[in-house]
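Let me begin by presenting the structure, written as structure tokens, before commenting on it.
The values are calculated or read from the model by the stated rules, or taken from the named source; none is laboratory data. Computed from a prediction, not measured in an experiment: that's the story for all the values here. So basically every Cβ, Gly included, is an ideal-geometry build from the backbone, and we count neighbours across all protein chains shown. Surface areas here come from the heavy atoms of the whole protein model, side chains and all, with no ligands, DNA or RNA. Shrake-Rupley method; radii C 1.70, N 1.55, O 1.52, S 1.80 Å.
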Amino acid sequence: MNKKTMKMIIASGIIVIAVTIMAGINNTGFKMPGRATVNSVIEAEETSTTVTDFEKERPVIASIVNNRNGIAITWNKIEGATGYYIYRDGKKICQVKKETTKYTDKGANKNGTLYGFSIMAYKTINGKTYKSVISPGVKSCFLKGSSIDILTKKAGNTHVSWRKNSKANGYQVQYSTKQSFKKARVKTVKGQNKKSAKLSKLKNTKSYYVRLRGYVRKGKKKYYSHWSTCAKIIPWNGKWEFAGYSKIHTDSATLYFSSAPKTKKKTVCINAGHGTKGGESVMTLCHPDGSGKVTGGSTAAGAIRATSINSGTVLNDGTTEAQATLKLAMVVKKKLLKAGYNVLMVREGEDSQIDNIGRTVFANNCADYHIALHYDSSSSDKGAFYISVPENKSYRNMYPVSKNWKKHNKLGKNLVWGMENAGVKIYGKGEMAIDLTQTSYSTIPSVDLEVGDKSSNHSNKALKTIASGIVKGMNK
């Protein structure tokens, strides 16, 4: 007896039936077993129909893309499903609940490997499991993502370099004035061994976001890695506070965003000291108010003007200070990004056409902290220290020093503490008071960090130790 017939009988008034029939009905010939009800007959018929319909359903994979951890899959929802089975290369690898229509297979993470995926819905009724038709198989190749190594914009030329993937057949570089990459331009770089590209048609007055991904060909199809974390090219802005005091600022700075699982939401400007061709022939004001220096240093006390940026010293092995600080800056950048900090770089090559005031102004407007890296001109391997703010009333009362000198000293002390805890040799109490151009123009916590002198060890191992100490100090 089907549901339609039962409803007709009830509607006709031929029989009136209680909600529950506890036993057979005598004298009518209408019998129902045990505790069965009319409703249960109808429900059983409905269940049968529902199950039949469900078993004809077929999920469809909507998208399949690489991410950092593996291959991410999404599919359409099957009405009434209790959950889904995920299959990789014909083998069931996972069972997910009905609320979920996405899954990341972290086991599909072998670089350059092709995987096949399919989905099956299931429904559980009274302890029994019913299955849908399995979805059509979809293939995807896992390709490990690449990351931007260096992004620079100098004199209208923009270059990006990255760490190559041995399994990639080429790369796509995407750049846009919007972080959403809306209306982005794409440059395709073909070749397994390619690891750099020149970007064109970038306007000098605009900021640009840049990211990249690799691709690999399998047969006639092209598969892509996930997009790298983007980096941002930041041009000079003449409207920034103190911008008018800088004389050299034709290059752009670059902001690198951390891809760490937990980011600090703070940006550290790492300034590799020196490295500006022609900087010594240009003079700038030591203080924004035009007053004279209150201490000596690379410029004599009382001086009103100083070189916009000097060439630095030469270490005992012949390495220039600019080369040594740049090498260290790249190590510090990497460790800070890994620790969750965003990093602003104002020099990533031998020559950066941004003077000391320019670098400070970039940091003031695009970062939360400013750390300039230097080596002292002595030769005694005396250890590391920071340049503290002189205890001079007129200097400490001068804006912007008056608003920030305590923050400068606190940052310096934290960094020295971190380096000492990392095993770096520290000079004396770890500080030396000098009137610096950098400090005189800084509106954020800012410090000149002398990581050693001309005799100090600057091997890769030593640089990693210093960088670890800087991260410890930032985390304090």
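Residues 77, 218, 247 ordered from highest to lowest accessible area at a 1.4 Å probe: 77, 247, 218. Extension gain, residue 187 to residue 161: 0.36 nm times the residue separation minus the Cα-Cα distance gives 8.1 nm. Computed from the C-beta positions of residue 319 and residue 240, the FRET efficiency with R₀ = 35 Å rounds to 0.55.
Note on region 341-476: antiparallel DSSP beta bridges, both residues inside, total approximately 15 percent of the bridges counted. In this structure the amide hydrogen of residue 113, modeled in the peptide plane, comes within under 5 Å of the amide hydrogens of 142, none closer than 5 places in sequence on its chain. Per-atom-type breakdown for region 219-262 gives carbon and sulfur 50% of the accessible area (1.4 Å probe, protein chains only). For region 171-320, a simple Cβ point-charge model (Lys and Arg +1, Asp and Glu -1, everything else neutral) yields a dipole of about 1920 debye relative to the Cα centre. Stretched out straight at 0.36 nm per residue, the stretch from residue 259 to residue 429 would grow longer than its current Cα-Cα span by 57.6 nm. How much of the accessible area of region 320-433, probe 1.4 Å, is carbon plus sulfur, in whole percent? So the carbon and sulfur contribution to the accessible surface is 46 percent.
Multiplying the residue separation of residue 266 and residue 393 by 0.36 nm and subtracting their alpha-carbon distance yields 42.6 nm.
Treating the beta-carbon of each Lys and Arg as +1 and of each Asp and Glu as -1, no other charges, what is the dipole magnitude of region 277-422 about its Cα centre, to the nearest 20 debye?
620 debye
Listed peptides 152-160, 343-351, 457-465 appear in the order 343-351, 152-160, 457-465 once ranked by packing, highest mean of other Cβ atoms within 10 Å at the front.
Placing a pseudo-label 7 Å from each Cα along the Cα-to-Cβ vector at residue 194 and residue 89 gives an inter-label distance of 3.1 nm. State whether region 313-369 is rounded, prolate or oblate according to the following rule on the C-alpha gyration tensor (a ≥ b ≥ c being the square roots of its eigenvalues): a/c under 1.5 gives rounded; otherwise a/b larger than b/c gives prolate, and the remaining case gives oblate. Oblate shape, in that a/c is at least 1.5 and b/c is the bigger or equal ratio.
To the nearest 20 debye, what is the magnitude of the charge dipole of the chain about its Cα centre, counting +1 on the Cβ of each Lys and Arg and -1 on the Cβ of each Asp and Glu? Intermediate results must be reported in sequence, preceding the final value.
Numbers: 78 positive and 31 negative charges, 410 e Å.
About 1980 debye.
Carbon and sulfur: what percent of region 163-218's accessible surface (1.4 Å probe)? Mind showing how you got there, number by number?
Numbers: 1390 of 3490 Å².
Whole-percent figure for carbon plus sulfur exposure: 40.
Between amide H atoms placed 1.01 Å from N, distances below 5 Å from residue 93 occur with 86, 87, 88, all of them 5 or more places distant or on a separate chain. Under the simplified labelling scheme, the residue 277-residue 300 pair shows an inter-label distance of 3.2 nm, with each label point 7 Å from Cα along Cα→Cβ. In the context of the full set of protein chains, residues of the chain present 50 Å² of accessible surface per residue (probe radius 1.4 Å, heavy atoms only). Shape descriptor for the chain: Rg over Rh equals 1.25 (Cα atoms; Rh from the Kirkwood inverse mean 1/r).
Under 20 Å from a label point set 7 Å out along the Cα-to-Cβ vector of residue 338, the amide N atoms of region 448-462 belong to 458-462.
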